[in-house]
Amino acid sequence: MLRAIWLKSLREYWIAILCWGLGLGLLIYAMYATAQDVLSAGVTQIYQSFGFYGDQVALNTIPGYVTFRVFGTTLPAFLAIWAILAGARLVRGDEERGTLDVLLAQPIMRARLLLEKLLALTLAILVMMLIISLFILFGQLSAHETADYPRALLTALNVGLFELIFACIALLISQFVRWRGAAAGWTAAILVIMFLLDSVGRVQHNFDWLRHVSIFYYYNANKPLIPSVNANWGAVALLIALTLVLIVASTVIFARRDLGSVALQLAINGWRQPATVERVRALARAAGDPFLRSLGLCTLRAQFVALFWWTVITLFFVEFLTALIPSLLDVFRKAVQGNAVMSQLFSGYNVATNQGFLGATVFAFIPVALTIFAMTQAYTWSRDLDNQRLEIILSTPQPRIRLLGEHAAAVGLASLIPPLLIWLGLLLTANIINLRIDVGDTAAACFSMLPLEWLAAALVYLLATRLPAGLTTGLVSLFLAISFLMEFLQPMLKLPDWLINLSIFHLYGSPITEGMRWGPTLTILGLALVAMLAAFFHFKESSLTART
Amino acid sequence: MGFLRPSAGRATIASLDCWSQAAAVKRLVGYLPSEFAFDPSLTGAQILTYLGHLRGGVDRTYVQQLCERLDFDPSKRFREYSRGNRQKLGLIQAFMHRPRLLILDEPSNGLDPLNQQEFYRMLREVQSEGRTVFLSSHILPEVEQTCSRVGIIREGRLVEVNEVSRLKHMRQQTVVISFPGPASPEWFQGLPGVAAVHLNRDGRELHLDVQGDLQAVIKAAAAHDALSLTTQEPSLEEIFLRFYQADQPVAAGR
């Protein structure tokens, strides 16, 4: 596997191929396996109100339902996260690490290097799609549908083409920016814009033309799983042509630009003063920066971008669903009336009430998202310990406990902001659209998330005293994933009380309908405190090199 | 520095315990690790200001002087700095609070020759002010030039600590003696301090490995009408290599 660049690059993708291929494959299989029950329960009534989400073609058939739920937006957009990151780091990642210098010191043409790496990425996507196509086939069999592998394969290949385009967009953008993170961010923004253009065009017929500039539109022009939809080869040809243009542009630019630099150097810095003046100016500017006064403040500043985006996205999700309540409540009421399967789908919430609807849609997922957010913020501490960024900080005359305390306080404070803004946002939106919700219950639902966030962060701090960052986050993520799955599947699994009470999301419960649950909330808070105290004790007493 | 918990014994700096009084110790110390890593998104100026605050405030004029002396541009982000510039930043943050003790691990790594010379000048100033520099380096000519005392570590144990000058004096030196006619190694074998004698190819020159003073060797050379006598003092590098020779037993630290 080390004989050629493309083979070596392909070797680096095998874990991603397996994880994404199997993970998404299982999702597809689960969707097929439950499709008949869900369709019989009349779920199509609800999905007909979700026009913004995808094309509603043959929605009352299993292929139509699976196409709408999985292949329309969810799977391609979800997998695009990986494709975008892979495209952004294809050459920029090696440039950042300094490994591209070594590779290009060998007698290899730049264009060839880029094309070989791109070949490896294309093959990785292809293998992933072959795995997915097999799961589509298994799904068809489990749903007692006619097994049609050619349709399954074409569906997967259509997804693969979509992913390759976004990887290539990220690759092209990475030629114009210095950091792979920036390239990935800009490409993700393009993905979101493309989705919005397609959605708005589909819902608002006056703006139908908007869809024609979205890649989602040309991707969704083909629905190979649904026999009644004819193949649109023009759309495929357009997507292939776009891919080729992106590849050629990236290759030409990469072959011509300076290594470690960007394709277009804009003189935005203007005229630089003599070195001494610049020096004085930079030091004076830093001296007036309030966020450099302590580790806590510096951590808050470092978290700002992540905090901003997590808050914006969760707020958007919450406000969007809240705004839908008046139009969807009747549909939900009719759908769940006397229907056991539909009730199970919403984890026992009475979705015919405002707060029940919020519980089933918003507060079944937001606590998980914000707990993951707190974990990723605490992760920065263990990452910095791993890569020795804290060594200099720890050489200053600050007690270790204070440094850890300041970091934890910054994370604790940052994790307070999204629940607070969600609560305020909910009250504001409800007031604007004249929706009746209980102020106390919504406060309970929002602020009961805090102990969950703090427990996840405290576990990261505790494990980080002994374990490397990757293992620490892996273990805490596993705990969160099991907790979530236990609670999510509880209506079907019917786990005994002692077992289900180990799930922190079960302990969170449904305060949006039941009000504040002080017992479980204080239990989680107590656990978080104990974990944090143990983290303080271990960090104070342990050597910095003992984290293996 | 309070990084590692001692498995046995204790370490002190200025009579302060390095583990239990770590914060007090760190007030006295300026530290440069072998790999200086920091948040890549902060600029050099931000890093220096931040560390200055964590140290309870530093003299900004002095920080600026240090930047100028090492020709360091603090306006760039850490990830944009070359290895040499990262090293300069590391040195500035170690020097900026005028510590009583500087602990520097491979301090001249990545510095260009001009900045190396400036760094050596900074070291001499620190020494002349009565402050201490504790420096670890693989570049032995640099150690020889900048340090007054050296310690040699072999297989994790301190095998020698001494003044550089005394170490050189204590260790073997090479003496080359030329004679007008054929010479014999036997003339010098057995003399005090003479460890080995080698005859040169033309038979008129002897190479002696001598430890300690040369009185007996000079007398014997004069007795055999020596034409010239030159001594070659060993460099620190040669002394170091002798400690690492395979047959050299590991001695207990002093």
Within 19 Å of A:ARG281 (Cβ to Cβ), more than 11 Å from chain A (Cβ to nearest Cβ) and either surrounded by fewer than 20 Cβ atoms within 10 Å (Cβ to Cβ) or modelled with pLDDT of 95 or more (or both), is that true of B:ASP59? yes
Listing of helices (runs of 4 or more DSSP H) fully contained in region A:357-456 that carry 2 or more residues being outside the structural domain of A:PHE316 (by TED's automatic domain parsing) and under 26 Å from A:LYS540 (Cβ atoms): none
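Residue by residue, here is whether (1) modelled with pLDDT of 90 or more; (2) within 14 Å of chain B (Cβ to nearest Cβ) holds:
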residue	(1), (2)
A:GLY474	no, no
A:PRO491	no, no
A:LYS494	no, no
A:SER503	yes, no
A:GLY509	no, no
A:ALA535	yes, no
A:HIS538	yes, yes
A:GLU541	no, yes
With respect to A:ARG402, determine if the residue is more than 28 Å from the chain's Cα centre (by Cα) and either buried (at least 18 other Cβ atoms within 10 Å of the Cβ) or farther than 30 Å from A:ASN354 by Cβ (or both). yes
Quick check on A:ALA30: is it small (Gly, Ala, Ser), over 25 Å from A:ILE325 (Cα atoms) and either touching a helix residue (DSSP H, G or I) at 6+ places or on another chain (Cβ under 8 Å) or within 14 Å of another protein chain (Cβ to nearest Cβ) (or both)? no
Please work out which one of (1) surrounded by 14 or more Cβ atoms within 10 Å (Cβ to Cβ); (2) touching a Gly at 6+ places or on another chain (Cβ under 8 Å); (3) of a type outside the set (D, E, K, R) is the condition B:VAL161 fails and give its number. (1)
So how many residues does region A:115-143 have that are free of Cβ contacts under 8 Å to residues at least 40 places away in the same chain and farther than 29 Å from A:ARG89 by Cα? 2
Collect the residues in region B:94-109 that are in a loop (DSSP other than H, G, I, E, B) and more than 17 Å from the chain's Cα centre (by Cα), keeping them in residue-number order. B:MET96, B:HIS97, B:ARG98, B:PRO99, B:ARG100
If you go through region A:162-219 one residue at a time, how many are within 22 Å of the chain's Cα centre (by Cα), of a type in the set (S, T, N, Q) and assigned to a helix (DSSP H, G or I)? 3
Checking A:SER415 against (1) more than 14 Å from every other protein chain (Cβ to nearest Cβ); (2) touching a strand residue (DSSP E or B) at 6+ places or on another chain (Cβ under 8 Å), the condition it does not meet: (2)
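Kindly provide the set of residues from region B:67-85 that are in a helix (DSSP H, G or I), crowded, with 21+ Cβ neighbours inside 10 Å and more than 7 Å from chain A (Cβ to nearest Cβ), ordered by number.
Step one: filter region B:67-85 for residues in a helix (DSSP H, G or I), giving B:67-69, B:78-80, B:83-85.
Narrowing the set further to residues that are crowded, with 21+ Cβ neighbours inside 10 Å leaves B:67, B:85.
If the condition is that a residue be in a helix (DSSP H, G or I), crowded, with 21+ Cβ neighbours inside 10 Å and more than 7 Å from chain A (Cβ to nearest Cβ), then B:ASN85 is the only one that fits.
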Cβ-Cβ distance below 7 Å, separation of 6 or more or different chains: which pairs start in region B:113-133 with a residue that is closer than 15 Å to B:ILE103 by Cα and end on one that is polar (S, T, N, Q) and surrounded by 12 or more Cβ atoms within 10 Å (Cβ to Cβ)? B:PHE119/B:SER108; B:TYR120/B:GLN145; B:TYR120/B:THR146; B:LEU123/B:THR146; B:VAL133/B:GLN127
Let me confirm something: among A:ILE125, A:ILE62, A:ILE84, A:ILE136, which residue is crowded, with 17+ Cβ neighbours inside 10 Å and farther than 23 Å from A:GLU163 by Cβ? A:ILE62
Filter region A:388-412 for residues that are more than 24 Å from B:PRO40 (Cβ to Cβ) and either within 8 Å of chain B (Cβ to nearest Cβ) or polar (S, T, N, Q) (or both) and give the result. A:PRO397, A:PRO399
Please work out if A:THR251 is hydroxyl-bearing (Ser, Thr, Tyr) and either at pLDDT 90 or above or under 33 Å from the mean Cα position of the chain (by Cα) (or both). yes
The lone exception for B:MET122 - which of (1) assigned to a strand (DSSP E or B); (2) aliphatic (A, V, I, L, M); (3) over 17 Å from B:GLU35 (Cα atoms) it fails: (1)
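Considering A:ALA231, A:ALA287, A:ALA221, A:ALA235, which residue is within 14 Å of chain B (Cβ to nearest Cβ), at pLDDT 90 or above and more than 28 Å from A:GLU95 (Cα to Cα)?
Answer to the check: A:ALA287.
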Failed condition for B:VAL210, given (1) under 23 Å from B:PRO141 (Cα atoms); (2) touching a residue at least 40 places away in the same chain (Cβ under 8 Å); (3) crowded, with 16+ Cβ neighbours inside 10 Å; (4) hydrophobic (A, V, I, L, M, F, W, C), with all others met? (2)
Selected residue (only one of A:ARG301, A:ARG279 is buried (at least 17 other Cβ atoms within 10 Å of the Cβ), modelled with pLDDT under 90, in a helix (DSSP H, G or I) and within 14 Å of chain B (Cβ to nearest Cβ)): A:ARG279
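Hey, among A:LEU104, A:LEU79, which residue is touching a residue at least 12 places away in the same chain (Cβ under 8 Å) and crowded, with 18+ Cβ neighbours inside 10 Å?
A:LEU79
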Subset of region B:8-46 that is among the polar types (S, T, N, Q) and part of a strand (DSSP E or B) - its residue that is farthest from the other protein chains (Cβ to nearest Cβ): B:THR12
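The values are calculated or read from the model by the stated rules, or taken from the named source; none is laboratory data. This one's a predicted model, so the numbers in the text were calculated from it and none came from an experiment. Cβ sites come from the backbone with ideal geometry, for glycine too, and all protein chains shown count toward neighbours.
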